[in-house]
1. Does LYS107 qualify as being farther than 15 Å from LEU22 by Cβ, in the same structural domain as LYS44 (by TED's automatic domain parsing) and at pLDDT 50 or above?
2. Kindly provide the set of residues from region 33-48 that are in contact with a Phe, Trp or Tyr (Cβ under 8 Å, 6 or more places away or on another chain) and crowded, with 17+ Cβ neighbours inside 10 Å, ordered by number.
3. Filter region 1-32 down to the residues that are exposed (fewer than 12 other Cβ atoms within 10 Å of the Cβ) and part of a helix (DSSP H, G or I) and list them by number.
4. Please state which one of VAL67, VAL52, VAL8 is modelled with pLDDT of 90 or more and not small (Gly, Ala, Ser).
Amino acid sequence: MFDIYQIVTGTKNVIYNGNIKLHVNIYKRFQMNERLERYVEIKKIIKEFLIVKKISPENIYILNSSVIYKNQRLETVIDLLEIQAFGLISDLFIDEEEEFLFRKNFKLYVGKKELSQENSCQRLIKILDCLIGDVYFGVNIIFENGCPQVSLIL
């Protein structure tokens, strides 16, 4: 194990890998219960959409109000998952003419599999499951020259 000083000063480069699952107590402890409730509500809306193949104006309003965040900071794993969910929601369900006040600064690599609306909804549900704490997901933290980079594996 390296000395933390060597890692943060950039003397040693390291990679940490692990699987984590968010616990509901995180939301309670940091007074973020509304966020957890919002994720559960969004998941319900998306699952309903997959069944009936349409979405009500009131659900569009709920989704729209969920993704408009001014200058959202990316400080935690929750923030990273949330910004991915918001990006998918805006791409799938929200009028393109709307101006969104959140950053989409993650990289997207599209493979051979075509991304249909149903596939995107399933991906969104998987991200929401991670946010709600229903499933484990992978986290990679790379310290290179003292700079951390966090990647999520869903």
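1. Working: farther than 15 Å from LEU22 by Cβ: yes; in the same structural domain as LYS44 (by TED's automatic domain parsing): yes; at pLDDT 50 or above: no.
Considered against the rule, which asks whether it is farther than 15 Å from LEU22 by Cβ, in the same structural domain as LYS44 (by TED's automatic domain parsing) and at pLDDT 50 or above, LYS107 comes out as no.
2. At the first step, the residues of region 33-48 found to be in contact with a Phe, Trp or Tyr (Cβ under 8 Å, 6 or more places away or on another chain) are 33, 35-36.
The answer is LEU36, and nothing else.
3. Hits for region 1-32 are ILE4, TYR5, VAL24, ASN25, LYS28, ARG29.
4. On the way: VAL67 fails: modelled with pLDDT of 90 or more; VAL8 fails: modelled with pLDDT of 90 or more.
On inspection, the qualifying residue turns out to be VAL52.
The values are calculated or read from the model by the stated rules, or taken from the named source; none is laboratory data. Bear in mind that the values here come from a model prediction, so they are computed numbers and not experimental data. Counting neighbours? That spans all protein chains shown, and the Cβs are built from the backbone with ideal geometry, glycine included.
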